[in-house]
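What follows is a short report on a single structure.
The values are calculated or read from the model by the stated rules, or taken from the named source; none is laboratory data. The structure displayed is predicted, hence computed values, not measured ones. No Cβ is skipped: glycine too gets one built from the backbone with ideal geometry, and neighbour counts run over all protein chains shown.
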């Protein structure tokens, strides 16, 4: 393979340096670094990483660090065009070949590939496997070199996947034709069965398999009851929540009606559904992506392949058909990692509609599975446990504790010890020989004399009637909570049968207690309305500038800068190019392309507000307390902003609210600042006697694991205070933690 024409990749001291140069980010997201290292070692890879986890960067950065061309297979024209646009705006050689191009444009792009000007070439599977393209690819491989094949949306390979495409099956011919070229398969969701099918169909060679957590920590989940006047509540939510949003409806008619209502009430909204012609759908999609309109009202057909990372809210105005669909659709919010809100309006009228649609299915097996999926949606909506725990449990991922970023965690129902009731419930499951579902178990517990109970002679069991003191709804709440906590299992083949597991037996043997959130009576429930702070003036001005620059180049605004970068600009207010280069998302190319314009806007704002202006030529820093010289690199700008608010007297909770971050994130910042040598008095945050107990535990078990320290201390201590004391402990052992490091 000759690489004589390909561009020689620049040398970087570290992967992080390359990340900052090309994409403007200081550090990798979880899992990215390990995947990229494996890709650079030319290993086959299977990457399962949820939407917003940063899958694309896992093949884009290795492509830039190696000679030759990386071919990216993508099934969606809109998605490949968006990704190429974003790469080009970062000064990266990327292009696509698809049916939207003329013959002349295609020849022009092929020529640029042969000149070595392209590092990433996006193609659809149909074109890749075409009679004309494969010989062309042979020539490219001979002259430029094919570095890797990246198969995006790899679940399309499997007939067990949710979007099977037969042409993807033929991609195995790449392995036969180019046996030495590594293959990277990437997708957002895949069951174990689908993963095995992907490996087999693409003939991956001993692939490194990376399955990331499905936990999207930046998403807030909430379920609201859907009263008759639900539209007024929806309108208020949209008016009070800044940024772009998607509202999902089940029917085309509901989409059109809701769009018209929002437009009458002054909301810039457009519809999207299969009843619109292709041109209208395409135009509406482009206007939404480019922030010409704020809200898209759509059926679930909208969203696949939409590479818009700054969607700030997703509302399901109708109940979703299943939890997997809900996870995927709500997951289109906050793909940039910034805070976003996912609201589900739940009404029992929607359930009747869903049941009617299920009854229309001709296949009894499909009906049975659809009913179980619908019941799981109802369990989610009515559940009192952490929403995130319920969702992740659906995907087989265990989640301990609460997320503190859902309605059930932030506004919890009263917690009660229901260990005895749980033992009764699980004992009844055992005595019914683990062959029945939840409703039957509740009937036995409450002493029902219905036909099914009497038929199986379950009225003769010792657990018959021992639960008469609780209502059926209360037993159902317990049963759901046991499922959500993993204390009992349930089959998922359309016949929802309860089964005991190892944790169930711990409860029955009195080795584990059970606490559940008990719903208040309806008349005791508090009526709350979610309000969000108005967007800051400077952030609004920077968004306006971003939109202006994007329109000048005919690109979506997020291609210029992500919301997260604009927020940091508004918070840190860089006034020089040196300061601006430190903003996350500002790479070398964007610094040159946009730096002066954004700095001018920030300086104009500061001048209008009567704030200090720094000399443009001086390499100055933001006016926050300066860290010790030896530790300056240990804390990033976001950490320093937390430090400034702390020194203004804000509590960690106040800082979390002001910055719209999780409380645990603020404690992480404070811990890093303490270890870096910044002046933070731990005694103001953790009482001296508790510090002493934590230090004693660290001396006993070491400082490597927060969990080990907490296990030693007991549940009366929380991880946040342990994190701060451990940071101070480490700092005391090494007064100059960065000494000796380059």
Can you spot a residue in region 141-155 that is modelled with pLDDT under 90, in a loop (DSSP other than H, G, I, E, B) and surrounded by fewer than 19 Cβ atoms within 10 Å (Cβ to Cβ)? no
I'd like to check something: does region 295-311 contain any residue that is more than 18 Å from residue 260 (Cβ to Cβ), part of a strand (DSSP E or B) and modelled with pLDDT of 90 or more? yes
Quick check: is even one residue across region 366-375 surrounded by fewer than 16 Cβ atoms within 10 Å (Cβ to Cβ) and under 23 Å from residue 235 (Cα atoms)? no
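Being part of a helix (DSSP H, G or I) and either buried (at least 16 other Cβ atoms within 10 Å of the Cβ) or outside the structural domain of residue 420 (by TED's automatic domain parsing) (or both) is the filter here; which residues of region 477-507 pass it? Please lay out each step first, then the result.
From region 477-507, those part of a helix (DSSP H, G or I) are 477-484, 502-507; that's our starting set.
Across region 477-507, the qualifying residues are 477, 478, 479, 480, 481, 482, 483, 484, 503, 504, 507.
Within 32 Å of the chain's Cα centre (by Cα) and more than 19 Å from residue 187 (Cβ to Cβ): which single residue out of 86, 124, 104 fits that description?
Details: 124 fails: more than 19 Å from residue 187 (Cβ to Cβ); 104 fails: within 32 Å of the chain's Cα centre (by Cα).
After ruling out the rest, the residue left standing is 86.
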Any idea which residue in region 399-425 is surrounded by the fewest Cβ atoms within 10 Å (Cβ to Cβ), counting only those that are under 19 Å from residue 221 (Cβ atoms) and at pLDDT below 80? 400
Unmet criterion (only one of (1) within 30 Å of the chain's Cα centre (by Cα); (2) in contact (Cβ under 8 Å) with a residue 40 or more places away in the chain) for residue 94: (2)
Could you check how many residues of region 177-214 are at pLDDT below 90 and surrounded by fewer than 17 Cβ atoms within 10 Å (Cβ to Cβ)? 5
Which ones in region 712-732 are out of contact with any helix residue (DSSP H, G or I) (no Cβ under 6 Å at 6 or more places or on another chain) and part of a helix (DSSP H, G or I)? 721, 726, 732
So the helices (runs of 4 or more DSSP H) completely within region 31-94 holding 2 or more residues that are outside the structural domain of residue 128 (by TED's automatic domain parsing) and at pLDDT below 95 are none
Across region 438-465, the tally of residues that are in a loop (DSSP other than H, G, I, E, B) and within 19 Å of residue 508 (Cα to Cα) stands at 5
Among the residues of region 352-370, is there at least one that is under 30 Å from residue 415 (Cα atoms) and either outside any loop (DSSP other than H, G, I, E, B) or touching a helix residue (DSSP H, G or I) at 6+ places or on another chain (Cβ under 7 Å) (or both)? no
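Listed here are the residues, each with its yes/no results for (1) at negative phi; (2) part of a loop (DSSP other than H, G, I, E, B); (3) surrounded by 14 or more Cβ atoms within 10 Å (Cβ to Cβ).
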position	(1), (2), (3)
643	yes, no, yes
646	yes, no, yes
650	yes, yes, yes
654	yes, no, yes
664	yes, no, yes
677	no, yes, yes
695	yes, no, yes
698	yes, no, yes
710	yes, no, yes
Residue check for residue 369: outside the structural domain of residue 85 (by TED's automatic domain parsing) and at pLDDT below 80: yes
Selection count where residues are in contact (Cβ under 8 Å) with a residue 24 or more places away in the chain, part of a loop (DSSP other than H, G, I, E, B) and over 18 Å from residue 496 (Cβ atoms), scope region 387-403: 4
Out of everything in region 534-574 that is part of a loop (DSSP other than H, G, I, E, B) and touching a residue at least 60 places away in the same chain (Cβ under 8 Å), what residue ends up being nearest to the chain's Cα centre (by Cα)? 562
